[in-house]
Amino acid sequence: MAVSKRLRYEILRRDNHTCRYCGASAPDVPLRVDHVTPVALGGTDTPDNLVTACEPCNSGKSSATVDSAVVANVSDDALRWADAMKQAADHLLEQETPKLEYRDAFLTEWNRWGAGKGEARKPVELPGDWKSSLERFRIAGLPAWTWADIVDASMGNEKVLRVNKFKYCCGIAWNRVTELQEEAGRLVGAKPVPANLDVRAAVIEAAYTIWYCGLVDNEERPTADQAAEFRNSLTRLSGRELEAPERVLGAAQHATYFGIHDIATALREMDRDSVWRAWIAAWPTTFVPSEDPNNRWGTYVGDPTEKQRDWVRKQIDTHLEAGVYVGRLIRAASHAGNGKSARLYLGLSDEELANAGVSAWQSRASDIWRTAFMATDMVDPTVEEQGAFFTGLQRIASDGDFLLADVYEAAAAAGSYKDPDLSTNLTRHLSVFEAAAAPLGGGN
């Protein structure tokens, strides 16, 4: 049954020609009659469901006599419901605003990168679940401004395939979140762990939750057998491994990126990746962007060769399989990368180095030679010059009659002359006193 013109006027007269939603009144705004609960949702045409509304709030039309009796008042419950619905909508809009602003900040950085030029330029495709992933970082407290560095680090890493760029971004972002949480804990003061807390069980449960939810988010819901395999692998962790929960939780997150179902495998892969990234990050390279201002893809000048990359990978694998602590390897990798060397040796024992086929004294001689070589003009020796240097160094090592101090001094002199052959600068001090004062050969 439609609302009659007479009833419309009765509603306007009852409400004193004032919008019951916003308080606007005639003649400042056109007034209409509105169904508080829409007819489509079961609302009626009775006075307790009708209310005066200004045109911005709704629309309608009315006319009737002025001297008629006032109709029944609108239902208070209906008004409260309408007001609550409006407040709920406003609240949802307020909640959406920071989400959208956060996404926009991320997309601004992401879309700066792409492949191709002009109209042919294509951005890097985002996965279907990128919005939900981003929302977790927002809730975790990761500031929007950090995405500039995170995206650049991911896009600038040529080893990461385009299809994995976003996953790599997420890995970096979780590291940033961990750093923020640690700093926040330091500022507020860490609370003591409750005496009755089973730390081992808590770490295992947290790692399992991170792994399971991470795979689900990546639309790779694990099977019951895979879930059981991962949980069982967690229970096999030693007490020493569980004393570093951040490593276990990080490995669980790492496992979600590559679909790993065993925490021990994830720990090895994570450690391998950490050492590798330390070496690559420390390697000095120059990024030359494209001349096209709309294309951020360019080239890196001075990257390590494929042969150097392969050798570093083999050293990392050898050391990790031998049980060398990952923190020591990261330090050695950073030192090697900073010196544009593929020899991981700093802080490692002679036995560990021998196991990986690396000589500590030859590596130190190489560092000295390269530093002296670059001292005047900061120009790196070429790959050919480095090869010639090591050839000469191995020839001296095969002779065996030398003092390490002499080799290091000769390396410094040869580098300053930009000479890859240090044998011409090697002074042989073979008196019995000097021979007794320092060990011979490559044993140190």
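Sorted from fewest to most neighbouring beta carbons within 10 Å, what does the list Leu346, Leu180, Leu393 look like?
With the sparsest Cβ surroundings first, the list reads Leu180, Leu346, Leu393.
Cα centroid distance between segment 249-288 and segment 363-398, in Å?
About 31 Å separates the Cα centre of segment 249-288 from the one of segment 363-398.
Test of understanding: ordering Thr424, Thr52 by Cβ neighbours within 10 Å, fewest first, what list do you get?
Thr424, Thr52
Fewest Cβ neighbours within 10 Å first, please rank Phe166, Phe389 accordingly.
So the ranking, lowest neighbour count to highest, is Phe166, Phe389.
All of the numbers you see were taken from the coordinates with simple rules; none came from a lab. Just so we're clear, the structure is a prediction, and the values are computed from it rather than from any experiment. Don't worry about glycine lacking a Cβ; one is built from the backbone with ideal geometry, like all the others, and counts go over all protein chains shown.
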